[in-house]
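The values are calculated or read from the model by the stated rules, or taken from the named source; none is laboratory data. Note that this is a predicted model, so its numbers are computed, not measured. Positions of Cβ are backbone-derived with ideal geometry, glycine not excepted, and every protein chain shown enters the neighbour counts.
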Amino acid sequence: MKKEKTVANKETKSLIINCAGRLIAKYGYANVTSKSICKEAKVNMAAINYHFGSRDGLYRAVLKETHDFLISVSELNKLHLSDITAKEKIEVFIDIFIERLSNKKNWYLKVWAREIVNPSPFITQILSKKTLLKLNIVAKIFSEYTKLPITDLKLYSCILSTVSPFALAFLAHDTFELLPVKFSEKELAAHTKEVVLAGLDKFREAQS
């Protein structure tokens, strides 16, 4: 019975987060009320306080899930510890971002885009807890390929130059169909890998 209640609670929390995420992506956090979220999720008004403590607590949960959607710690750990080559790890890293970018049916990118344009006080809490942990794993992946030591500033320049275009793309992903050049997810991934690896190879060769 207790196990069934735990499962039900998790399902309800997930439902509320997804409903809140969709509404916030469309209207912005400031314009979405607890009442509208509960109506969308078909739960009573006490549900938000019960599961998240407050409306702000719910938004922190939305941002946490958004941050994990972009790329999670478990995904990075699995990639870092995998048996594939260092080059393949970089390629898979890029594939993950391209796949997320190409997923137009989710609300995560729109929520993230709103935070980039107009950051809330909550985003720093999420970033401080998650980003450093993710960066440490990414640094190991990039260090394995470039041969740059973890303590070398150039390694983090490599990471930043790889990830920054995706941050911009997440912001403008809704306008891709307006571009004069049409491309598939596969074509975008192949071109991105070519550009990223060409840059990383310069540092790799310098370490040889």
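Would you say residue 77 is more than 19 Å from residue 198 (Cβ to Cβ), out of contact with any Leu (no Cβ under 7 Å at 6 or more places or on another chain), surrounded by fewer than 17 Cβ atoms within 10 Å (Cβ to Cβ) and at pLDDT 95 or above?
For residue 77, the condition - more than 19 Å from residue 198 (Cβ to Cβ), out of contact with any Leu (no Cβ under 7 Å at 6 or more places or on another chain), surrounded by fewer than 17 Cβ atoms within 10 Å (Cβ to Cβ) and at pLDDT 95 or above - is met.
When residues of the stretch 131-163 are filtered for being surrounded by 14 or more Cβ atoms within 10 Å (Cβ to Cβ), of a type in the set (Val, Ile, Thr), farther than 29 Å from residue 60 by Cβ and free of Cβ contacts under 8 Å to residues at least 60 places away in the same chain, how many remain?
Number of matching residues: 0.
Does the stretch 10-33 hold any residues that are crowded, with 16+ Cβ neighbours inside 10 Å and free of Cβ contacts under 8 Å to residues at least 24 places away in the same chain, and which are they?
19, 23, 32
Give me the residue from the stretch 162-207 that is at pLDDT below 75, of a type outside the set (D, E, K, R) and not in a helix (DSSP H, G or I) and, out of that set, nearest to residue 117 (Cα to Cα).
179
When you scan the stretch 117-130, how many residues do you find that are loosely packed, with under 13 Cβ neighbours inside 10 Å and part of a helix (DSSP H, G or I)?
Qualifying residue count, the stretch 117-130: 4.
Does residue 91 fit the bill of being out of contact with any Phe, Trp or Tyr (no Cβ under 9 Å at 6 or more places or on another chain), within 24 Å of residue 201 (Cβ to Cβ), surrounded by fewer than 16 Cβ atoms within 10 Å (Cβ to Cβ) and in contact (Cβ under 8 Å) with a residue 40 or more places away in the chain?
no
Tell me the helices (runs of 4 or more DSSP H) entirely within the stretch 1-105 that contain at least 3 residues that are among the aliphatic types (A, V, I, L, M) and on the phi < 0 side of the Ramachandran plot.
In the stretch 1-105, the matching helices (runs of 4 or more DSSP H) lie at 2-27, 55-70, 73-81, 86-102.
So for the stretch 45-61 (the condition being in contact (Cβ under 8 Å) with a residue 60 or more places away in the chain and not basic (Lys, Arg)), does at least one residue qualify?
Within the stretch 45-61, one or more residues are in contact (Cβ under 8 Å) with a residue 60 or more places away in the chain and not basic (Lys, Arg).
Cβ-Cβ distance below 7 Å, separation of 6 or more or different chains: which pairs start in the stretch 194-208 with a residue that is in the same structural domain as residue 159 (by TED's automatic domain parsing) and end on one that is small (Gly, Ala, Ser) and modelled with pLDDT of 95 or more?
Close Cβ pairs satisfying both conditions: none exist.
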